[in-house]
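Q: Mind looking over this structure? Questions follow.
The values are calculated or read from the model by the stated rules, or taken from the named source; none is laboratory data. The model shown is predicted, which means the values in this text are computed figures rather than measured ones. Note: ideal-geometry Cβ built from the backbone for every residue, glycine included; neighbour counts use all protein chains shown. We work out accessible area using only protein heavy atoms, side chains counted, and drop any ligands, DNA or RNA first. Shrake-Rupley method; radii C 1.70, N 1.55, O 1.52, S 1.80 Å.
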Amino acid sequence: MSARDSIDRLFEAVIERQESTFDSIKGANERYHRFARSILEGARQGAHDWTKVAQGWTQRPTDIVGLYEAASEAVANDQARRLALWQEFLEDLAESQREGREVMRRGFGEVREAVERVQETVPSFLRARVPYLRRDEAEPVAKEA
C-alpha cells in the first residue's frame, strides 16, 4: 500500500467516525423528541381524566363513592403513565449508551488501523530516529552527530 493510499484511508476513517458520531447524535435527538411527546401526551391525558372527575362531581355532588372511584381511577392512570414514562426514559438512556459505546469502539478501531497503516509507510530514516515507529526492535537507532 502506498503512502497516498494510507493517508486516504486515514481520512476515510476520520470521515466515517464523524458520520457515526453525527448519526448517534441524530438518534439521541429523535429519542429526546419522542420522550418529550410522551410527556405532553401523558399530561394531556391526565388533564382529561381529572376534568372528567370534576365533571362527574358537578353532575352528582352527593355521590361520594362515585367521586372516590373516579378519583382513584385517575390517580391509578396517572401512576401507570408515570411508570411507562420512566420505563421509556430508561430504555432510551440504555440505547443511547449502547450507541455511544459502539461509535467510540468502532471509531477508535478504525483510526488505530489507519494510523498503523500510515506508520508502515514511514520512510526508514524516520523510523530509525523514532523508536515506536521501528518495525523491529533490532533495527539500529541512528546516532545523532
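Q: Sort through Trp86, Trp50, Trp57 and tell me the only one that's in contact with a Gly (Cβ under 9 Å, 6 or more places away or on another chain), among the aromatic types (Phe, Trp, Tyr) and free of Cβ contacts under 8 Å to residues at least 60 places away in the same chain.
A: Values: Trp86 fails: in contact with a Gly (Cβ under 9 Å, 6 or more places away or on another chain); Trp50 fails: in contact with a Gly (Cβ under 9 Å, 6 or more places away or on another chain).
Testing whether each residue is in contact with a Gly (Cβ under 9 Å, 6 or more places away or on another chain), among the aromatic types (Phe, Trp, Tyr) and free of Cβ contacts under 8 Å to residues at least 60 places away in the same chain leaves just Trp57.
Q: I would also like to ask the following. Pairs please, first residue from the range 16-37 and in contact (Cβ under 8 Å) with a residue 12 or more places away in the chain and assigned to a helix (DSSP H, G or I), second anywhere and hydrophobic (A, V, I, L, M, F, W, C) and open to solvent by less than 100 Å² (accessible area, probe 1.4 Å), Cβ atoms under 6 Å, 6+ apart in sequence or on different chains.
A: Ser20/Val103; Thr21/Val103; Ser24/Val103
Q: Further question: How many residues are open to solvent by 100 Å² or more (accessible area, probe 1.4 Å) and either aromatic (Phe, Trp, Tyr) or in contact with a Cys (Cβ under 8 Å, 6 or more places away or on another chain) (or both) if we restrict to the range 64-113?
A: 3
Quick grid of which residues meet (1) touching a helix residue (DSSP H, G or I) at 6+ places or on another chain (Cβ under 9 Å); (2) loosely packed, with under 11 Cβ neighbours inside 10 Å:
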site	(1), (2)
Arg4	no, yes
Asp8	no, no
Ala13	yes, no
Gly27	yes, no
Phe35	yes, no
Ile39	yes, no
Gly46	yes, no
Gly56	yes, no
Gln59	no, yes
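Q: OK, next. Name the residue, out of Ala71, Ala76, that is within 28 Å of Leu93 (Cα to Cα) and not charged (D, E, K, R).
A: Ala76
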